[in-house]
Each structure stands twice: as structure tokens, then as C-alpha cells.
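The values are calculated or read from the model by the stated rules, or taken from the named source; none is laboratory data. Computed from a predicted model, the values in this text were never measured in an experiment. Ideal geometry is used to build each Cβ from the backbone, glycine not excepted, and the neighbour counts take in all protein chains shown. Side chains included, ligands, DNA and RNA excluded: accessible areas come from the protein's heavy atoms. Shrake-Rupley method; radii C 1.70, N 1.55, O 1.52, S 1.80 Å.
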Amino acid sequence: MQLPKDFEAYTRALMGESLYAVLEKGLAEEAPTSVRMNPFKTAAGQLQEATAMVCRGAEPVAWCPEGVYLEQRPNFTFDPLLHAGCYYVQEAASMFVTHILRQLVQRPVLMLDLCAAPGGKTTAARSVLPQGSMLLTNEPMKLRASILSENVQKFGHPDMLVTNNFPKDYRKTGLLFDVVLADVPCSGEGMFRKDEGAIDEWSTQNVANCSALQRSIIEDIWPCLREGGLLIYSTCTFNAHEDEENVNWIAEELGAVFVEIETRPEWNVTGSLTDNHPMYRFIPGKTRGEGLFVAVLRKHGESSSALESMKGKGTKEHRKDRKDKNHRPSNNSFDGLSGQWLTGDFTVTTLRDSLVAIPAEWLPIYERAAASLHVLHAGVGLGMVKGRDVIPNESLALSVALRKEAFPRVEVDYPTAISYLRKEAVTLPTDAPRGFVLVTYQQQPLGFVKNIGSRANNLYPQEWKIKSSHVPEQPVALLQLNP
């Protein structure tokens with residue numbers, strides 16, 4: 001690996017010869033492969049047991065009980081249970097967010113993940129937030145936002161909302177958050193061994209540009225963090241300009257104090273390289289993961305829970321002033337669908353051309369968001385209205401709130417599951433019921449077909465389909481789930 005000379009000179013001076021030598025050796029090694037369990041779809045011990053059986057040498061991620069390292073990297077694309085949302089492929093250092101939230105968040109919160117695509121930290125965060133919390137997750141870039149929305153829907157938790165906005169747009173909503181996670185865009189030094197393009201794009205000017213952008217992002221969102229709220233600031237880079245210097249600037253200029261996170265010596269997490277404030281660096285070669293920097297700050301002041309204050313605030317005003325044509329009340333004739341299809345208390349409304357079910361307690365928050373933001377996904381997508389019928393949505397199939405008895409189910413084998421995920425024609429058993437049928441693999445929902453007898457129309461989203469025509473010699477089976 002040929003590193004930029006300016007990067008080498010600066011990073012060696014920052015880290016010192018000994019630590020830099022560790023980093024240099026780590027960057028020359030193969031990156032570890034790790035995945036994280038979705039606890040809402042699989043039992044707590046299944047992932048580690050399954051990977052130990054399928055991939056000998058699998059080891060748990062020390063700071064994330066849901067995570068595990070794999071001895072080798074399977075072709076994840078061809079594992080139906082990845083598409084079912086049973087697990088997420090995520091590098092281990094990024095799972096540290098679960099450790100932070102477990103330690104600091106003990107009561108329900110309203111949380112925002114500000115720069116969230118493709119969705120690793122967002123789904124990790126939702127995995128450990130206390131029951132009764134709501135998570136808004138955002139990505140400014142349109143294409144990346146669509147990937148975020150897909151991964152959130154596959155994760156399947158109804159207490160989430162996905163937006164495609166710039167941070168400053170959130171000021172218009174009047175929403176306040178108890179926790180803001182800002183995994184800000186950075187120069188990508190921590191991705192050098194996984195992405196050669198990151199090396200080609202690196203420059204001292206890009207570092208300076210990223211540092212300035214990061215400060216701008218935090219300034220824009222700062223008014224939306226309640227007094228006493230937590231900011232989790234992270235980058236995947238090594239330099240102090242984007243890391244130590246920026247979090248110190250936040251503390252001094254915007255007003256915050258550093259929060260210490262307990263870690264264990266055997267994790268080999270490195271502290272601040274420029275001062276004594278609590279900061280957490282994951283350095284390849286020393287810590288088993290990619291490059292990551294994290295600091296947690298608590299905003300000055302103290303106020304009541306943002307979640308409680310937002311639940312019923314200002315709903316009428318936002319209904320009156322709403323100019324968002326993408327959101328409108330639903331036809332009352334479909335209000336009963338949530339009770340038929342979902343477990344829990346939901347309110348049915350319309351987002352663009354689809355019916356969505358919003359958990360009733362989050363409706364005021366949803367309405368505030370829909371009035372000012374570009375909402376891509378919220379709650380559970382029920383489906384599109386076509387005449388008197390509703391064509392069920394993939395979000396519904398993958399939601400953990402779906403009633404098991406809501407639709408007839410047909411269990412399929414591995415080849416049929418792959419054909420379905422390629423959006424190819426699938427053949428159901430002759431005794432399969434007519435109408436909308438839920439296709440399952442290892443009892444996990446993959447999506448819907450409409451069985452008309454002579455054939456089954458594949459309703460899997462076109463934009464989600466497996467595009468590769470490669471056929472694996474053996475089924476990819478990271479998990480072996482019990483029915």
C-alpha cells in the first residue's frame with residue numbers, strides 16, 4: 001500500500017514512531033470481516049452459535065454482544081437472511097456506538113442520526129435504545145438516502161423515520177433531540193485498507209475542507225439538540241484536524257462538556273493524541289477494526305426530556321400550515337388495515353402514493369417532520385392503493401410488527417429464495433392459496449407475491465433486487481435459524 005507522503009509525515013508526527021508503526025503494519029493486513037445480529041429478528045445467541053458452526057474461528061466483538069468476527073468473508077449478497085434483515089454486515093469499530101448508548105441512555109429518548117447512510121450505526125443504535133424510544137435517521141445525499149431507507153426497512157423496527165435533508169433543514173421542524181449522532185463526512189483515512197479510492201482522493205486540502213464542513217454540520221444541528229442532550233461525534237479518519245481539534249472547538253465555542261465512556265484495556269482503544277479529554281480511537285493493527293474516532297459531549301444546560309415534550313406539541317399548528325403535498329390524511333376505508341396486519345397501536349396515513357402506519361404515540365413527531373422534511377420512510381409502509389385493493393409493501397413484509405396470521409405464508413428453498421430476490425418468476429406449490437402470499441425462507445419473511453394460480457407475480461422492489469447473475473456452487477448460510 002502506497003500512502004501519500006504528506007499523510008505519512010503528519011500522522012507519524014501526530015502518533016509518534018511506535019504507534020505509527022503499528023498503524024502502518026495494520027493497514028498492510030487484511031481487514032477483518034464482522035457482522036451484527038438484528039436482535040428483533042433472531043435470538044440473542046444464534047448468530048455466534050451459527051457462525052462458530054459455519055465459519056470456524058468466529059469470535060465475538062468485545063464491545064458489542066450482537067457482533068461477531070468471521071474467519072472468512074462469505075458472499076453475503078447470496079444469503080437470503082441478509083436481505084431479510086436478520087443481520088447487518090458492519091465493521092467492528094463502528095459497533096462501538098452500541099456500547100456508548102448502553103452506558104449513557106437508560107430511559108426512552110428521541111434520537112437523530114444525522115449523516116446515517118448506509119445505515120450501520122443507525123440500525124446498531126436502534127438495536128440498543130430503550131423501548132419507547134424513537135429514532136429519526138437522515139442522509140443528505142439522495143442516492144445514499146435511498147440505500148439508508150432500504151436498510152432501515154429491512155431492519156424492520158417501526159419506531160424509525162428516514163429523511164433526505166441537509167442538517168439545517170431540521171431547524172424548521174421545531175424538533176428537539178435528546179441524542180444526536182453525527183458520523184460526519186470525512187477524509188476517509190480509516191478506510192485506506194478497504195478502499196484504494198480513499199487513498200487516491202486524499203489530500204491536505206481535502207482534510208481542511210472536511211474539517212470546515214464538519215464544523216458547519218454541527219453548527220447547523222446544534223439548536224436541535226436539547227440542553228443537556230448528548231452529541232456523539234465520530235469520523236473514520238486519523239488526523240487531529242477532523243478529530244481532536246473539532247471536538248474541542250465544539251466544547252469551547254458551542255458549549256459542551258466531554259463525557260467519559262468506560263472501556264476495557266484489552267480492547268486496545270487509544271485515547272486523545274493531543275490532550276487529556278476523553279476520546280476514543282480505533283487504530284488498525286492495535287484494535288480489531290477499521291479506523292474510527294469517537295467523542296461524546298453533553299450540551300451545556302439542563303432541560304426536560306425532548307421525547308416527552310415533543311410527543312403532543314404543536315400538532316394543530318403543523319396541520320394548519322402544512323404545504324407538503326406528499327403527506328395527506330388517509331382514506332378512512334383503510335384505517336382498519338393496521339389492526340388486521342400489525343400488532344400495536346398505529347395510525348394510518350398517506351405518504352406520497354402509499355399508505356403508511358405510524359405508531360400512534362409518534363404521530364405528532366411524524367407530522368412535524370412531514371411538514372418540513374423530505375420523508376422517505378416512516379413507521380411501516382402498508383402498500384399502494386389500487387382500486388379497492390392495497391398492494392402490500394415490502395416494508396410490511398419485513399416489519400417486526402407484522403402479524404403472523406395477516407397473510408398466508410409459503411416457505412421456499414434456497415434456489416427459489418434467490419430467484420425471488422432477483423425478482424424472477426417463482427413457482428409456488430399447487431396448493432398455495434390465491435392472492436397475496438408472504439414468501440419465507442427459514443421462516444423469515446422475504447416479501448410478497450400475488451399468486452394468480454398459473455403463476456405468481458413477484459412483488460419484490462425492482463431497486464432492491466440482486467443484480468448479479470452468478471449462481472453460488474453452495475448455498476450461503478451464515479445463520480441456521482430455528483422455525
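Among the residues of the stretch 229-252, are any without any contact (Cβ under 8 Å) to a residue 24 or more places away in the chain and open to solvent by 40 Å² or more (accessible area, probe 1.4 Å)?
Yes, because at least one residue in the stretch 229-252 is without any contact (Cβ under 8 Å) to a residue 24 or more places away in the chain and open to solvent by 40 Å² or more (accessible area, probe 1.4 Å).
Is it the case that Thr77 is open to solvent by less than 10 Å² (accessible area, probe 1.4 Å) and either assigned to a helix (DSSP H, G or I) or of a type outside the set (Gly, Ala, Ser) (or both)?
So Thr77 fails the test.
Given the criteria open to solvent by 10 Å² or more (accessible area, probe 1.4 Å), farther than 19 Å from Gly16 by Cα and assigned to a helix (DSSP H, G or I), does Asn206 qualify?
yes
Looking at the structure I just gave you, is Gly26 open to solvent by less than 10 Å² (accessible area, probe 1.4 Å), part of a helix (DSSP H, G or I), at pLDDT 90 or above and small (Gly, Ala, Ser)?
Here the answer is yes, as Gly26 does meet what is asked.
For the stretch 235-247, does any single residue satisfy the condition of being part of a helix (DSSP H, G or I), modelled with pLDDT of 95 or more, among the β-branched types (Val, Ile, Thr) and within 20 Å of Arg281 (Cβ to Cβ)?
yes
What residue, of Glu201, Glu262, Glu266, Glu227, is at pLDDT 95 or above and farther than 22 Å from Met111 by Cβ?
Selected residue: Glu266, the only one of Glu201, Glu262, Glu266, Glu227 that is at pLDDT 95 or above and farther than 22 Å from Met111 by Cβ.
Among the residues of the stretch 209-228, which ones are closer than 22 Å to Ser272 by Cβ, open to solvent by 10 Å² or more (accessible area, probe 1.4 Å) and in contact with a Phe, Trp or Tyr (Cβ under 8 Å, 6 or more places away or on another chain)?
Matches in the stretch 209-228: Arg215 only.
Working only within the stretch 453-483, note down all residues that are of a type in the set (A, V, I, L, M), open to solvent by less than 30 Å² (accessible area, probe 1.4 Å), in a loop (DSSP other than H, G, I, E, B) and at pLDDT below 95.
Val476, Ala477, Leu478, Leu479, Leu481
Can you confirm whether the stretch 127-143 contains a residue that is open to solvent by less than 10 Å² (accessible area, probe 1.4 Å), out of contact with any Lys or Arg (no Cβ under 7 Å at 6 or more places or on another chain) and in a helix (DSSP H, G or I)?
Looking through the stretch 127-143, none of the residues is open to solvent by less than 10 Å² (accessible area, probe 1.4 Å), out of contact with any Lys or Arg (no Cβ under 7 Å at 6 or more places or on another chain) and in a helix (DSSP H, G or I).
Within the stretch 129-171, count every residue that is of a type in the set (Phe, Trp, Tyr) and within 15 Å of the chain's Cα centre (by Cα).
Counting residues in the stretch 129-171 that are of a type in the set (Phe, Trp, Tyr) and within 15 Å of the chain's Cα centre (by Cα) gives 1.
Yes or no: the stretch 257-274 includes at least one residue that is in a helix (DSSP H, G or I) and in contact with a strand residue (DSSP E or B) (Cβ under 6 Å, 6 or more places away or on another chain).
No, because not a single residue in the stretch 257-274 is in a helix (DSSP H, G or I) and in contact with a strand residue (DSSP E or B) (Cβ under 6 Å, 6 or more places away or on another chain).
Can you find even one residue in the stretch 82-95 that is in contact (Cβ under 8 Å) with a residue 60 or more places away in the chain, open to solvent by 10 Å² or more (accessible area, probe 1.4 Å) and under 14 Å from Val476 (Cα atoms)?
Looking through the stretch 82-95, at least one residue is in contact (Cβ under 8 Å) with a residue 60 or more places away in the chain, open to solvent by 10 Å² or more (accessible area, probe 1.4 Å) and under 14 Å from Val476 (Cα atoms).
Is the stretch 421-430 home to any residue that is touching a Ser or Thr at 6+ places or on another chain (Cβ under 7 Å) and without any contact (Cβ under 8 Å) to a residue 60 or more places away in the chain?
yes
Based on this model, can you work out whether Leu428 counts as under 27 Å from His157 (Cβ atoms) and either of a type in the set (A, V, I, L, M, F, W, C) or more than 26 Å from the chain's Cα centre (by Cα) (or both)?
Answer is no for this residue.
Please go through the stretch 144-184 and give me each residue that is part of a loop (DSSP other than H, G, I, E, B), open to solvent by 10 Å² or more (accessible area, probe 1.4 Å) and in contact with a Cys (Cβ under 8 Å, 6 or more places away or on another chain), ordered by number.
If the condition is that a residue be part of a loop (DSSP other than H, G, I, E, B), open to solvent by 10 Å² or more (accessible area, probe 1.4 Å) and in contact with a Cys (Cβ under 8 Å, 6 or more places away or on another chain), then Leu176 is the only one that fits.
Could you tell me which residue of the stretch 106-119 is most open to solvent (accessible area, probe 1.4 Å), considering only residues that are touching a Ser or Thr at 6+ places or on another chain (Cβ under 8 Å) and in contact (Cβ under 8 Å) with a residue 40 or more places away in the chain?
Top of the filtered list is Arg107.
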